[in-house]
Amino acid sequence: MAADRILVVDDDHSARWMLSEALKGWGYQYSEAQTVQSALFACDSDPPAAVLLDIDLPDGSGLKALREIKSRHPEIIVIMVTANVFFENAVEALRGGAFDFIGKPLNLNELEVTLRNGLETRRLRRRVKALGRQQAHHFSFEQLIGESPAMKNMLTLARKVAESNASAVLLQGESGTGKDLIASSIHYGSNRADGPFVALNCAAIPGTLIESELFGYEKGAFTDAKARKEGMFEQAEGGTIFFDEIGELELGLQAKLLRVFEQGAFRRVGGLKDIPYDARIIAASNRDLKAESRAGRFRADLFYRLSIIQIDLPTLRERDGDVLLLAANFIEQFNKRLGKRITGLSPEVTDLFLRYQWPGNVRELRNLIERLMILEESNVITTAWLPHELLEFTTAQPVQQVEQSAVTDQLQNAATASQVAGAHSITYNDNEIGLKFRLPAGGVDLNALEKSLLQQAIKHTKGNQTKAAALLGISRDQFRYRIKRVDAAEEER
Ligand SMILES: Nc1ncnc2c1ncn2[C@@H]1O[C@H](COP(=O)(O)OP(=O)(O)O)[C@@H](O)[C@H]1O
Ligand SMILES: [Mg+2]
C-alpha cells in the first residue's frame, strides 16, 4: 500500500520545511502549497489523504479553503494549524468539517498522533462506505426475482414509491411474500440510501419495551435508566424506520405512534420536549389491517395514515411461473453455499411445484430447496425427500376424479394418463401414484397396507361407506368387497 500523501498549506517557508522533514520521517508522502488558490488546485488535481492547513494565508482565510475543500472532497482529512488559536477560529474550523485544530508553535508529538487518528478515521469511513454500497446492492430491487405480471406490477409501484418522498408506506402480504426484502429495497432505492435503515419487529419485542426502543429515554426516566438512551427515531435520522408486523402493536402504542407521525416529532421517555425527526416510515403486516381496524384490533386512523400508499405483495401462487425462476435462483445460491452441483428440478418436482399452493410463499420455497439440496444424492432435486404436505397435495385432487376405479385400475390408468397429461394438468400420472405409494426398499405387506387404508378411510368418514369408498377412489361395492376379503384373510390365519 502506498504511503498516504499529506498536503501542507503554509506561506511560511520554515514551517513548511519543518513539516516536510517530520512527515517524511513518519513515512508519509509530502506535497505543499502556499496559497488558498494553489491548495484548492492541488486538492482537485490529485487529492491528498490529509491537509495541514494554515489559517492566515496571503490570498484569503484558511477557514474558507477548509469549507471549499470539504465540500468538493469530503473524504480528505483537514487539520487546521495556526498561531491564531482564538476560540472563534476553533469553533468555525470544527463546524467547517476540520478533523482537529492545532496551535503553533507545533508540538510534533501531538501532530503525529492527531494525523494518525485522522487517517485511521478516513480509512474506516471508506470501509463503511464500501460496505454500504455492497449492502445497497444486496438489498436493491435487482435482487428481487420475478417475471410474472403480478410481480412486475408490484415492483413498478415499489420503485416509484422508493423514488418519491412519500413519508409513509404500508406493505401488506402473507408471510414469506418478501415484505422485509421490499422494505429494504425501498430504503436502498431512495435518496435516503446513505442514511440508516432501522427495523423494529413489533411482534418480537414486548410492548413494555417498545416505547423506549422507539423514542429512547432520559437519564433517570425509570430505575434502570442510568444514562440517556437514543431511540430508533433518533437513530434513523435521514433514513428509514421499518415497523415489521405493525398489526401486533398494542392499541395504546398505536395511538402514541399516530401522534408522533402527525406531529413529525417524538418525546423521549421521561423527556419534556418534542424532538423533530426526519425518517421515512415503512410498515408491514401479514394481516389485513383494514379488516383488523373494522374488528377494533387496529386503530382506523393509524391505518389511514399509513395506507396513503399501500403495496400489496402477491402470494407465490399468484405469480405464475415465478416459482421455477425462484427455485433456479435458490438452487444456484445453495450450490455455492453447500458446495453442491445440483442442476435443477426433476420433471415430477417441477410439475408439483407449479401446482402446490405454497402457504408459506417464497420463504417456504427457499427453506424447502435448502433442505432438499442437503438431502438429495443425485444431481437433480427429485421427489425422494419431499415432505408430506407436497406429496399429499398431488394425490388429493385426482382421487375425486377417478372415483369408480380400483387402486389397481388407477395404477394401470396412470401409465397411459402420464403419457397424455401435460406438465401442468391435474390428471393422474404414475409419478403421483409413485409419490403416495412409493415402495420402500424393504418392501411392504400389501394386505396389511390395504387393511390399514380401509380402516383409516372408515375412521376418517365416521363409518360412512360411500364417502370412505370415495376417499380410496373405489365404488361402494368394491369397498365392501375388499373389507370382506380382508376379514376373510384375517380368519384364515
Ligand atoms: N422476489 C424474491 N426474490 C428473491 N428472494 C425472495 C423474494 N421474495 C422473498 N424472497 C426471500 O424469501 C424469504 C422471505 O422473505 P421476507 O422478505 O422475509 O418475507 P416476509 O417479510 O413477507 O415474511 C427471504 O429469504 C427473502 O430473501
Ligand atoms: Mg417479515
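What follows draws every value from the coordinates through simple rules; no lab data is involved. Everything numeric in this text was worked out from a predicted model, so none of it was measured. All Cβ positions, glycine included, derive from the backbone under ideal geometry; neighbour counts span all protein chains shown.
Can you pull the one-decimal nm distance between simple spin-label points at ARG294 and ARG228, each 7 Å off the Cα toward Cβ?
4.7 nm
For LYS64, which lysines qualify as cross-link partners when the Cα separation must be under 21 Å and same-chain residues fewer than eight apart are set aside?
Straight-distance partners of LYS64: LYS104.
Which values of log₁₀ I(q)/I(0), to two decimal places, follow from the Debye formula for segment 83-184 at q = 0.20 Å⁻¹ with a uniform point scatterer at every Cα?
-1.07
Obtain the nm distance between the two label points defined at LEU209 and GLN235 by a simple spin-label model: each point lies 7 Å from its Cα along the Cα-to-C-beta direction.
My value for the distance between the label points is 1.2 nm.
Each residue of segment 218-225 in order: what ³J(HN,Hα) in whole Hz does its phi give by Karplus 6.51 cos²θ - 1.76 cosθ + 1.60, θ = phi - 60°, with x for Gly and Pro?
In residue order, the calculated couplings are 8, 4, x, 4, 8, 3, 8, 7 Hz.
What's the center-to-center distance, using Cα atoms, between segment 292-345 and segment 216-241 in Å?
32 Å
Scale the Cα Rg of segment 5-132 by the rule-of-thumb value 2.2 N^0.38 Å and send over the ratio, two decimals.
Cα-based Rg divided by the globular estimate yields 0.98.
Arranged by the count of other C-beta atoms within 10 angstrom, fewest first, what order do MET18, MET154 take? Walk me through the numbers before you get to the answer.
Numbers: MET18 16, MET154 24.
In order of increasing Cβ crowding within 10 Å: MET18, MET154.
Taking the Cα centre of each part, how many Å lie between segment 42-75 and segment 446-491?
Here the answer is 91 Å between Cα centres.
So, R0 is 56 Å and r is the distance between the beta-carbons of VAL444 and GLU142; what FRET efficiency does that work out to, to 0.05?
Working: r = 50 Å, r/R0 = 0.90.
Result of the calculation: an efficiency of 0.65.
Express in nm, to one decimal, how much length is gained between ALA130 and GLU318 on full extension, taking 0.36 nm for each residue of separation and deducting their alpha carbon distance. Write down the numbers at each step before the final one.
Working: separation 188, 0.36 × 188 = 67.68 nm, distance 3.74 nm.
This chain segment gains 63.9 nm when fully extended.
Once the Cα gyration tensor of segment 262-301 is found, what semi-axes does its equivalent ellipsoid get, as square roots of 5 times the eigenvalues, in whole Å, sorted largest first?
Working: eigenvalues 156, 34, 15 Å².
Taking √(5λ) for each Cα gyration eigenvalue gives 28, 13, 9 Å.
For a quick protection proxy, order the peptides 217-223, 124-130 by their average other-Cβ count within 10 Å, most packed first. Could the numbers behind the result be given before it?
Details: 217-223: 13.0, 124-130: 11.0.
The peptides rank, most packed first, as 217-223, 124-130.
Could you sort out which of LYS290/LYS462; LYS24/LYS129; LYS129/LYS336; LYS129/LYS179 sit more than 32 Å apart by Cα distance in this structure?
Values: LYS290/LYS462 40 Å; LYS24/LYS129 29 Å; LYS129/LYS336 27 Å; LYS129/LYS179 26 Å.
Flagged as over cut-off: LYS290/LYS462.
With an 8 Å Cα cut-off and a minimum separation of 6 or more residues, compute the relative contact order for the chain in percent.
Working: 730 pairs, mean separation 48.4, N = 493.
Once divided by the residue count of the chain, the mean separation gives 10 percent.
Between the helical axis of 446-460 and the dominant principal axis of the chain, each derived from Cα atoms, what acute angle in degrees is found, rounded to the nearest 10?
For helix 446-460, the angle is close to 80 degrees.
Compute the acute angle (0 to 90°) between the alpha-carbon long axis of helix 388-401 and the principal axis of greatest extent of the alpha-carbon atoms of the chain; round to the nearest 10°.
Taking the Cα atoms of the chain, the angle to 388-401 is about 40 degrees.
Expressed as an acute angle from 0 to 90° and rounded to the nearest 10, what is the orientation of the C-alpha long axis of helix 361-375 relative to the principal long axis of the chain?
Approximately 80 degrees, to the nearest ten.
When you have a sec, figure out the Kirkwood radius of segment 317-386 from all distinct Cα pair distances and drop it here in Å to one decimal? Each step should come with its number before you reach the end.
Working: mean 1/r = 0.0833 Å⁻¹.
Evaluated on segment 317-386, it is 12.0 Å.
Would you list the P(r) distribution for segment 295-352, with all Cα-Cα distances sorted into 5 Å bins from 0 and each bin expressed as a whole %?
4, 14, 15, 14, 11, 9, 7, 9, 10, 7, 1
Could you check the simple spin-label distance between GLU490 and SER71, using points 7 Å along Cα→Cβ, in nm with one decimal?
Output for this residue pair reads 9.4 nm.
Enumerate the lysines that LYS219 could reach by cross-link, defined here as Cα to Cα under 18 Å, with residues fewer than 8 away along the same chain left out.
Correct list for LYS219: LYS229, LYS273.
So what's the chain giving for Rg/Rh, alpha carbon basis, Kirkwood Rh from the mean inverse pair distance?
Values: Rg = 34.6 Å, Rh = 29.2 Å.
Rounded to two decimals, Rg/Rh equals 1.19.
Just want to confirm a number: the relative contact order over segment 144-314, from Cα pairs under 8 angstrom separated by 6+ residues, in percent.
33 percent
Show me the GluC sites (Glu not before Pro) within segment 8-85 that DSSP assigns to loop and that have at most 12 other Cβ atoms within 10 Å of their Cβ.
Qualifying residues, ordered by number: GLU75.
So what is the calculated 222 nm ellipticity per residue for the chain, using -39500 (n - 2.57) for each DSSP H run with n of 4 or more, over all residues, to the nearest 500 deg cm²/dmol?
So the calculated ellipticity at 222 nm is -16000 deg cm²/dmol.
When you take every Cα atom in segment 64-104, what is the radius of gyration, and what is Dmax, the widest Cα pair distance, in Å?
9.7, 27
Treating cross-link reach as a plain straight distance, find the aspartates and glutamates whose alpha-carbon is under 20 Å from the alpha-carbon of LYS340, omitting any fewer than eight places away in the same chain.
GLU332, GLU370, GLU376, GLU377
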